[in-house]
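Taken together, the values in this text are just the output of simple stated rules run on the coordinates, not laboratory data. What you are looking at is a predicted structure, and each value in this text was computed from that prediction instead of being measured. For neighbour counting, all protein chains shown are included, and Cβ atoms are generated from backbone atoms with ideal geometry for every residue, glycine included.
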Amino acid sequence: MIEISILPHLNAALNAIAGGVLTAGFIFIKTGNRRAHKISMILAMCVSGVFLISYVTLRAYAPIFEFQGQGAVRVFYYIMLISHVFLATAIVPLVIFSVLHAFKSRFAAHKRITRWTWPVWIYVSISGIGVYLMLYQFYPAAAG
Ligand code: HEM
């Protein structure tokens with residue numbers, strides 16, 4: 001049985017892995033390795049899927065901690081958190097359409113949409129780690 005208290009750390013690790021795999025996938029396609037690109041992006045979706053399950057479990061069983069920092073750092077934290085949540089929602093249809101275009105070999109459309117999908121996804125993954133660090137590591141009192 002997994003302890004609920006380890007889920008924030010697991011989620012941050014999954015975010016980091018997704019970010020790494022997304023970066024690899026980007027480098028692969030830019031260097032012409034389509035097969036490795038495809039595998040990387042499918043892997044990124046699997047990792048993000050596991051993240052989603054873990055995140056929903058965490059939210060169902062653990063309270064939402066309020067950020068304890070004050071002043072400018074608090075404003076920075078909430079801008080990062082709100083943009084993270086908003087874009088994490090927006091990424092779902094972007095990923096679905098990116099993959100549908102790719103699997104139907106509509107690569108012109110795939111390229112058009114992934115101009116948004118890739119940077120937004122990377123931002124979501126990096127800001128997810130940022131939120132974790134600020135809430136659970138830099139201001140650990142907040143997490144109890
Ligand atoms: C959501 C997941 C995916 C993302 C974020 C993504 C992202 C990208 C990006 C950023 C590019 C480069 C576009 C450019 O050069 O302007 C690209 C190109 C490409 N992707 Fe994906 N990709 C994803 C999934 C896939 C999958 C599953 C496949 C294979 C079935 C695939 C096949 C390709 C191919 C063949 C190209 C080259 C298209 C061309 O240059 O004409 N991608 N993708």
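Results, tabulated for the structure shown:
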read-out: Pair Arg74, Val56: separation of 7 Å Cα→Cβ label points (nm); value: 3.4
read-out: The chain, dipole about Cα centre (Lys/Arg Cβ +1, Asp/Glu Cβ -1), debye to the nearest 20; value: 920
read-out: Contour excess over end-to-end distance, with Cα ends at Ile96 and Phe67 and 0.36 nm allotted per residue; value: 7.2 nm
read-out: Choice from Val47, Val120, Val92 showing the highest fluctuation, given a GNM over the chain with Cα pairs closer than 10 Å; value: Val92
read-out: Average Cα contact separation per residue, the stretch 40-131, under 8 Å, 6 or more apart, as relative contact order %; value: 29
read-out: Difference of contour (0.36 nm per residue) and Cα-Cα distance, Ile42 to Thr89; value: 15.0 nm
read-out: Förster radius 22 Å - calculated FRET efficiency between Asn33 and Ser105, Cβ distance, rounded to 0.05; value: 0.80
read-out: P(r) weight above 19 Å for the stretch 95-144, C-alpha pairs, percent; value: 47
read-out: GNM result for the chain, Cα springs below 10 Å: residue of Ser105, Ser40, Ser83 fluctuating most strongly; value: Ser105
